[in-house]
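Let me begin by presenting the structure, written as structure tokens, before commenting on it.
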Amino acid sequence: MDFAAENRAYWTARAPSYTVDVATNIAHGGREMWRSALASHLPEGEQLRILDIGTGPGFFAILLTEMGHRVTAADYTPAMLDEARRNAGALAGQIDFRQMDAQALELPDGAYDAVVSRNVTWNLPDPARAYREWLRVLRPGGRILNFDADWYGYLFDARKRVAVWQDRDHVRQAGCTDYNAYEKADEMERLSLQLPMGRVNRPDWDVQTLLRCGCRRIYTDTEVWKLTWDNEEKVNFAATPGFLICAEK
């Protein structure tokens, strides 16, 4: 089995658990926190055309549709799209669900006002190609909002590995749910060893790549996690804080 097939099989098996994760996030106030974060960085406009890349169980797609935008929700894994449709409920008919590769979009040039993603680029074999594609489908002045983290950098850096182990100790001491103690954690580590993003300095790598792709304005927010993560997430992932990259075409 090649990497793409293995990766899809992994996310197919994980799809139901991601719906549980989203439900937990919403229960802890995630809907309001993430709506605020998205609204703060999207281009101006009451009804934007937005592409949600790697929609997973549909969290961003649902929030953005509730906010009045026209959303295309894309994912590589059919099982994730099935979860997203179910989670969207009555809103599902307003969302354009598409199965496609984030690195090879089957969409026209300049079709969107914004491209959003959450925890996607770290899992891509060719993230530079993905960024080129996301920019291609943006209109001039459109924006990429990429929320991500250095999730598996610890596989390649001993200092990061020690910090992640310390997080596990803090989780136990705080009596929190351990978000890394799931059935397929070892499999994800094995797959991540074949991916490039754990080996680079993020978000600096992303900024330089987007500049080479021709973005005219880029800014990062390395403290966005303080606004969008609940207390358990902050304990679990202190060593891998989330960041936002906002790039304008």
Residue in segment 65-91 that is least open to solvent (accessible area, probe 1.4 Å), counting only those that are of a type in the set (Gly, Ala, Ser) and over 15 Å from Val22 (Cβ atoms): Ala74
Going through (1) within 17 Å of Ser117 (Cβ to Cβ); (2) open to solvent by 10 Å² or more (accessible area, probe 1.4 Å) one by one, Thr19 fails only at (1)
List every residue pair whose Cβ atoms lie under 7 Å apart, where the two residues are 6 or more positions apart in sequence or sit on different chains, the first residue falls within segment 111-137 and is closer than 16 Å to Leu48 by Cβ and open to solvent by less than 30 Å² (accessible area, probe 1.4 Å), and the second residue, located anywhere, is among the charged types (D, E, K, R) and modelled with pLDDT of 95 or more. Ala111/Arg49; Tyr112/Arg49; Tyr112/Arg139; Asp113/Arg49; Asp113/Arg139; Ala114/Arg143; Val116/Asp52; Val137/Asp109
Please go through segment 32-64 and pick out each residue that is without any contact (Cβ under 8 Å) to a residue 40 or more places away in the chain, open to solvent by 10 Å² or more (accessible area, probe 1.4 Å) and part of a helix (DSSP H, G or I). Glu32, Arg35, Ala39, Ser40, Ile62
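Can you name every one of the helices (runs of 4 or more DSSP H) wholly within segment 160-246 that holds 3 or more residues which are open to solvent by less than 30 Å² (accessible area, probe 1.4 Å)?
185-192, 204-212
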Just a yes or no: is a residue in segment 151-164 farther than 24 Å from Ala5 by Cβ, in contact with a strand residue (DSSP E or B) (Cβ under 7 Å, 6 or more places away or on another chain) and touching a residue at least 24 places away in the same chain (Cβ under 8 Å)? no
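The values are calculated or read from the model by the stated rules, or taken from the named source; none is laboratory data. Quick caveat: nothing in here was measured; it's all calculated off a predicted structure. Note: ideal-geometry Cβ built from the backbone for every residue, glycine included; neighbour counts use all protein chains shown. Side chains included, ligands, DNA and RNA excluded: accessible areas come from the protein's heavy atoms. Shrake-Rupley method; radii C 1.70, N 1.55, O 1.52, S 1.80 Å.
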